[in-house]
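Single-structure report; data block below.
No lab work stands behind these numbers, since they all come straight from the coordinates. Everything numeric here is computed off the predicted structure, so don't read it as measured data. Note: ideal-geometry Cβ built from the backbone for every residue, glycine included; neighbour counts use all protein chains shown.
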Amino acid sequence: MGRRDDDWDDSAKTPRERFTGTPADRLVRLWRAEDPRFDELLDELLDNGRQAVIDVAVQKLRDDEQMAFMDDVESLSEMVDRVNDAGERTSASLYWFVAEVTDEAESAPPVHLLEQAFAGAELLAEGETLRLLPVWLDPEPLSYLDPSDRRALLRRILASLDDAADHMEDQELTADPADGAGLLAFVGLFEQRLPDRDGEEGTAEDAYDEEAEAAEDARLLAALDVFSAAVAEVYAPISRCRPVGGLTDLLDFVAEEPWDDTAVLGDLGRFVDVASAEVEDGVVDAAVSWTPGMLEVGLSAADGRWLDSATFAVEEEQLTPAMEVLKRRCRTVRPAAKG
């Protein structure tokens, strides 16, 4: 965490690197210079609730800079590095979910079942954990949370999930699903171990691999479908559920109501495209199996070599357009063998 503003020391820097002026001036100059001290100063401001300084900094920026600046501020406001109870260096962040609920929803989600569904969908890597706040949240008042509010919420969740839930109720940020069907939110604490300081620089093996990245994207898309289906199975009033990342991502998603039923078709098409890229001739065959709400797709190369499989949340009314996607991209589409 950074030092207090009055302790900020630039004496070791050359005149060209020295940043003086008000905290807002420093914040702007550090951000423009991509100086790592920006994170430290921003942490100080956020942890002390000095939202007014951030607001002044925004006014000092050019119009074309303000959105990028706020993207950085909002992202950093929802994460902190810390040492956990086991003495491990970790990165802890807020992680938001959106759920579509029916009229039969209860007042609180069964968070332990949702946590199990998330872990069971293989969305957590080794050293990662997720704990959910046991209250439903209303996206509309969440839209008024400024960066210092987000940091305060993160600090409360780190201290106590129960106290954080009480705080959300006190701030009138909770929602009652009994008020009717719609999109609601809930938030969790996502934490991952950080590498040892000696290993932070990375190695040549960390180089970007486009093919591996595409395969991982396809795996995650399929895992998200598995998660949503598992949530609906353990808690019927939730018809669909999706992790969306930061609060800004959640609010953007909710602003696009109603839920985009065509999204799964795009996911399905990308899944086939990734598999096609793995074979020299680009030809793939599909074997499919549909049960109410779920479409299982297995892909193989023209020589019969198995490529990949995934499950997609496909309702009956989406089945025909989903099959059309497969027929356009695959050489053959046939029922999967039973047993």
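Which entry in (1) 137; (2) 192; (3) 117 matches volume of the Cα convex hull per residue in Å³ derived from the coordinates of this structure? Structure-derived value, by its label: (2).
Checking every one of the GluC sites (Glu not before Pro) in segment 86-117 against DSSP loop status and a limit of 14 other Cβ atoms within 10 Å picks out GLU88, GLU104, GLU106.
Which chymotrypsin sites (Phe, Trp or Tyr not before Pro) from segment 100-199 combine a DSSP loop assignment with at most 13 other Cβ atoms within 10 Å?
Those satisfying the criteria are TYR144.
If each residue of separation counts as 0.36 nm, what is the full-extension length gain between ALA212 and ALA119 once their alpha-carbon separation is subtracted?
On the way: separation 93, 0.36 × 93 = 33.48 nm, distance 2.22 nm.
Length gained between ALA212 and ALA119: 31.3 nm.
Relative to the dominant Cα principal axis of the chain, helix 51-60 is inclined by about 90°. Would segment 207-339 count as rounded, prolate or oblate if I go by the C-alpha gyration tensor, calling it rounded below 1.5 in a/c and otherwise prolate when a/b exceeds b/c, oblate otherwise? Since a/c reaches 1.5 but b/c is at least a/b, the shape of segment 207-339 is classed as oblate.
Against the chain, whose longest principal axis is taken from its Cα atoms, helix 23-32 shows a tilt of about 50°.
Using the Cβ-Cβ distance between THR291 and TYR144 with R0 set to 25 Å, the FRET efficiency from 1/(1 + (r/R0)^6) comes to roughly 0.05.
Could you grab the relative contact order for segment 54-125? Cα pairs under 8 Å, six or more apart, rounded to a whole percent. Present the calculation step by step, with values, prior to reporting the outcome.
Details: 24 pairs, mean separation 10.4, N = 72.
Once normalised by length, the contact order is 14 percent.
With the helix formula -39500 (n - 2.57) applied to DSSP H stretches of n ≥ 4, the chain reaches a computed 222 nm mean residue ellipticity of -13500 deg cm²/dmol.
One decimal place: the segment VAL279-ASP249 gains 7.3 nm when fully extended, by the rule 0.36 nm per residue minus the C-alpha distance. Using the average count of surrounding beta-carbon atoms within 10 Å as a protection proxy, the listed peptides 90-99, 277-286, 294-303 rank, highest first, as 90-99, 294-303, 277-286. Output the antiparallel fraction of DSSP beta bridges having both residues in the chain, as a percent to the nearest 5. DSSP beta bridges in the chain are roughly 90 percent antiparallel. Please name which of LEU113, GLY180, LEU123 has its Cα lying farthest along the dipole of segment 111-191 towards the positive end, using unit charges on Cβ (Lys, Arg +1; Asp, Glu -1) and the Cα centre as origin. Farthest along the dipole direction, towards plus: LEU123.
Give me, ordered by chain and number, the residues 5 or more places off LEU307 or on other chains with an amide H under 5 Å from its own placed amide H. HN-HN under 5 Å from LEU307: LEU299, SER300, ALA301. Under the rule of at least 5 residues apart or a separate chain, name every residue whose amide H is placed under 5 Å from the amide H of LEU194. Residues meeting the amide H criterion: ARG89, THR90, SER91. Amide H to amide H, with H built 1.01 Å from N, LEU133 comes under 5 Å of VAL187, GLY188, LEU189, counting only residues 5 or more places away or on other chains.
Using C-alpha pairs under 8 Å with a sequence gap of at least 6, the mean separation divided by the residue count of the chain gives a relative contact order of 17 percent.
Length available on full extension from GLU128 to ARG82: 0.36 nm per residue minus the Cα-Cα distance, which gives 15.1 nm.
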